[in-house]
Each structure stands twice: as structure tokens, then as C-alpha cells.
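Enquirer: Handing you a structure now.
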Amino acid sequence: MTDQEISVSTHVLDTAAGRPAAGVPVALAVRAGAAAPWTQLGGAATGADGRCTGLPAPPAGTTHVRLVFDTASHASGEAFFPEVAVAFAVGPGEHYHVPLLLSPFGYSVYRGS
């Protein structure tokens, strides 16, 4: 990673089951400025360890990233939260790890390391 590159990673933990959430599709979109439209860059799915590898790198000029987790694919019935969208501000030269802690009727996210 150079001084200006941005990288994003995530993982999903099923806090009700007490284990990683495998097979959750995650889409990544970016924009350059609060008024700019979102551009979908791609996505990946979580592995057996709940980690999502292979997310595309945001291009230069990106100021915001949005991760959309397809949580319905992980639910064992009808999902109360069928998707979770998390948007956050980014700056050049930083790595952003944004985990999702998921339960049937709630979730939380945070900036990890």
C-alpha cells in the first residue's frame, strides 16, 4: 500500500451463535464527496472464518465507502435486518477494518484494526 492508497476489510461475527458468519455477501461502493453518487466497485463473501477477503481497493479521490452486507443470506428464517449498510468517511493512506457483529434483532459495527 502506498502513502495515498486506501484499503478496506471486514468480517462478520454471529453473536447469537458465538461463531463467524460464513457466506455473507458484502458489496463495496465508493463516492468522492458527500454530494457525489455512489459507484459500486464489487464485492466478495465471508469465508468460514467470517472474514471477507477480495474487496476491491477504493480509487484515489474516494472520500466515503459503503459496505452492504446481505444478512438475509445468513438468517435461519426471515431476517429482521435483511441487509446492513454501513457508510464511513475515509482518507488517503489509511486501512479501514469495519467488523459487523450480528444477532437476530440487532447489530453493531466499529472501526477495528
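The values are calculated or read from the model by the stated rules, or taken from the named source; none is laboratory data. Predicted model only: the values in this text are computed from it and were never measured. Cβ: placed from backbone, ideal geometry, glycine included. Neighbour counts: every protein chain shown.
Enquirer: Got a sec? Which of LEU28, LEU41, LEU67 is crowded, with 17+ Cβ neighbours inside 10 Å, hydrophobic (A, V, I, L, M, F, W, C) and out of contact with any Pro (no Cβ under 9 Å at 6 or more places or on another chain)?
Expert: Among LEU28, LEU41, LEU67, only LEU67 is crowded, with 17+ Cβ neighbours inside 10 Å, hydrophobic (A, V, I, L, M, F, W, C) and out of contact with any Pro (no Cβ under 9 Å at 6 or more places or on another chain).
Enquirer: Next question. Please go through region 55-78 and give me each residue that is free of Cβ contacts under 8 Å to residues at least 40 places away in the same chain and within 18 Å of ALA45 (Cα to Cα), ordered by number.
Expert: PRO56, ARG66, ALA72, ALA75, SER76, listed by residue number.
Enquirer: Which ones in region 8-55 are at pLDDT below 95 and under 13 Å from the mean Cα position of the chain (by Cα)?
Expert: Result: THR53, GLY54.
Enquirer: Considering only region 65-79, how many residues are outside any loop (DSSP other than H, G, I, E, B) and touching an Asp or Glu at 6+ places or on another chain (Cβ under 8 Å)?
Expert: Number of matching residues: 4.
Enquirer: Same structure again: Filter region 80-113 down to the residues that are in a loop (DSSP other than H, G, I, E, B) and free of Cβ contacts under 8 Å to residues at least 24 places away in the same chain, then identify the one that is farthest from CYS52 (Cα to Cα).
Expert: It comes out as PRO82.
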